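Asker: Handing you this structure, nothing more for now.
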Amino acid sequence: MTHTTRCRICDGAVEEFFDFGRQPLSDRFVRPDELENEFFFRLAVGICASCAMVQLMEEVPRTHMFHEDYPYLSSGSSVMRSHFEELAKRFLATELGGPDPFIVELGCNDGVMLKTVADAGVRHLGVEPSGGVAELARAKGIEVRKDFFEESTANDIRDGKGPADVIYAANTLCHIPYMESVLRGVTALLKPSGVFVFEDPYFGDIVERASFDQIYDEHFYFFTATSVRSMARRFGLDLVDVERIPVHGGEVRYTLAPAGQRTPAPAVAELLAEEEARALSGRDTLLGFARRVETIREQLREVLQRAKAEGKTVVGYGATAKSATVTNFCGINPDLVSFVCDTTEAKQGRLTPGVHIPVRGPEAFRDPYPDYALLFAWNHADEIMAKEHEFRAAGGKWIRYVPEVHVV
Ligand code: SAM
Ligand code: TMP
Ligand code: ZN
């Protein structure tokens, strides 16, 4: 493990602004016989004084997080399935409209995006180090290389298959601390006319919503247009477009292109100006965020302790990676939340990381309904609340904590 205070992008000084303390691997759902070997690290976040990149202070080795049993399945949400299908159609109609186009996706997971591309008969390659999810993508007819994307992988792909029109990564680039290797690889693999498109949680939304649970081992970087533009320039790339997207609690889709090849869309200057006007990287903004996080912790504990004192039942909804930070930072254990329900079979029958709350299937939720459900998967709130509308009709209440603690 590297304890670093140098920026992983520009080697500038990284100033810590929040320490969540000792935290487990967010996607490591443990079996009851494995409790002794759990891995912990210090989860703290800082900002580079030179390039404004927000990043973790400590890096967790990548094979601890991404391996054969990585449990996250991208296709677990119907909203996300439509989101990726629409984007794939858009790529097919635009960047992939030329002769014999080729798209490479980093972190293709179970193939949620590439399925549409493969069905259209377009040349593609998913690069996915987590073996179990890579196999699920292959079973859908998608070509997958089981590997971490980095410079050597990119060179090898280019040698074997030629340059790419599109390199795409969703909720993956922010997971990769070794950015220099990745962006060298991107520039080597991309056609001069090509684009590198990636979408990740937007730091502007994290600050606005105080959604501190976006901070966990796998999320190493928290991008803004300002920090992405500065990062891109170091590797001969221009930031040519940004698009705010509502999924996963607020993200930005960034488009980079080889320098001088494309005229930046007006949205780039607009978002840069907005970030400056908000002083998004400023000390007061970051201290304000830290204060809100402490308030949410206090209020959430109060709500849960009151429910317990009143003899009410409380269940968690969605054993998200994000919830590892909430439960461990706020001290939410099986005493306060008796179990968490989740549709992912690989998580069921196991215990949540660190605090060890049992995970059960979604059928356990209505058998019988609890008094309160703590919505850990708040980024899927519309989908889940629509699906579980009978819960409120039966008198149940949702406990939410983004952007502040409230019971509805
Ligand atoms: N793209 C999907 C989505 O948006 O739902 C999956 C996102 S998942 C949170 C992150 C994925 O990135 C995991 O499947 C992980 O195995 C993969 N990953 C991690 N490091 C990677 C790397 N260096 N190259 C390619 N994929 C990587
Ligand atoms: P995510 O916030 O990282 O996408 O994780 C969502 C988690 O919530 C994942 O483990 C699947 C689970 N989930 C459910 O249990 N029911 C649902 O309806 C949805 C959308 C997600
Ligand atoms: Zn920096």
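The values are calculated or read from the model by the stated rules, or taken from the named source; none is laboratory data. Predicted model only: the values in this text are computed from it and were never measured. Methodologically, a virtual Cβ is constructed for each residue, glycine included, from the backbone with ideal geometry; neighbour enumeration extends over all protein chains shown. Keep in mind that these areas ignore ligands, DNA and RNA; they rest on the heavy atoms of the full protein, side chains included. Shrake-Rupley method; radii C 1.70, N 1.55, O 1.52, S 1.80 Å.
Asker: Whenever you get a sec, compute what percent of the accessible area on the chain sits on carbon and sulfur atoms (1.4 Å probe).
Answerer: Summing carbon and sulfur atoms, their accessible area is 47 percent of the total for the chain.
Asker: Between 0 and 90 degrees, rounded to the nearest ten: what's the tilt of helix 179-189 against the longest Cα principal axis of the chain?
Answerer: Orientation of helix 179-189: about 40 degrees from the principal axis.
Asker: Report, in degrees rounded to the nearest 10, the 0 to 90 angle that the Cα long axis of helix 225-234 makes with the longest principal axis of the chain.
Answerer: With rounding to tens, the tilt is 40 degrees.
Asker: Bin width 10 Å, alpha-carbon pairs only: give the P(r) of the stretch 92-136 as whole percents, running from 0 to the bin holding the largest distance.
Answerer: P(r) for the stretch 92-136, in whole percents per bin: 28, 52, 18, 2.
Asker: Looking at V407, M179, L280, which one has the Cα that reaches farthest to the positive end of the dipole of the chain (charges on Cβ: Lys, Arg +1; Asp, Glu -1)?
Answerer: Of the options given, the answer is V407.
Asker: Still on this structure, I have one more. Which peptide among 380-388, 108-116, 80-88 comes first, and what is the full order, when sorted by highest mean count of other Cβ atoms within 10 Å?
Answerer: Numbers: 380-388: 15.7, 108-116: 25.8, 80-88: 17.7.
Highest mean packing first, the order is 108-116, 80-88, 380-388.
Asker: For the stretch 106-173, take N as its residue count and report Rg(C-alpha) divided by 2.2 N^0.38 Å.
Answerer: Relative to the 2.2 N^0.38 Å estimate, the stretch 106-173 comes out at 1.02.
Asker: How far, in degrees from 0 to 90, does helix 151-161 lean away from the longest principal axis of the Cα atoms of the chain, to the nearest 10?
Answerer: Relative to the chain, helix 151-161 is tipped by roughly 60 degrees.
Asker: Related question: Grab the eigenvalues of the alpha-carbon gyration tensor for the chain, scale each by 5, take roots, and send me the semi-axes largest first in whole angstrom.
Answerer: With the √(5λ) rule applied to the chain, the semi-axes are 35, 25, 20 Å.
Asker: About its Cα centre, how strong a charge dipole does the stretch 97-227 have in debye, to the nearest 20, once Lys and Arg get +1 and Asp and Glu get -1 at the Cβ? Spell out each step's value before the answer.
Answerer: Values: 11 positive and 21 negative charges, 88 e Å.
Around 420 debye, computed over the stretch 97-227.
Asker: Further, regarding this structure: Using +1 at the Cβ of each Lys and Arg and -1 at the Cβ of each Asp and Glu in the stretch 19-159, identify which of G132, L114, L43 lies farthest towards the dipole's positive end.
Answerer: So the residue furthest toward the plus end is L114.
Asker: Can you tell which of Q55, V247, P192 lies farthest toward the positive end of the dipole of the chain, using +1 and -1 charges on the Cβ of basic and acidic side chains (Lys, Arg; Asp, Glu)?
Answerer: Towards the positive end, the residue furthest out is V247.
Asker: Quick one: putting +1 on the C-beta of Lys and Arg, -1 on the C-beta of Asp and Glu, what dipole do you get for the chain around its Cα centre, in Debye to the nearest 20?
Answerer: The dipole of the chain has a size of about 280 debye.
Asker: Find out how many positive minus negative residues lie around P163, taking Lys and Arg as positive, Asp and Glu as negative, among other residues whose Cβ is under 12 Å from that of P163.
Answerer: Around P163, the surrounding residues sum to +1.
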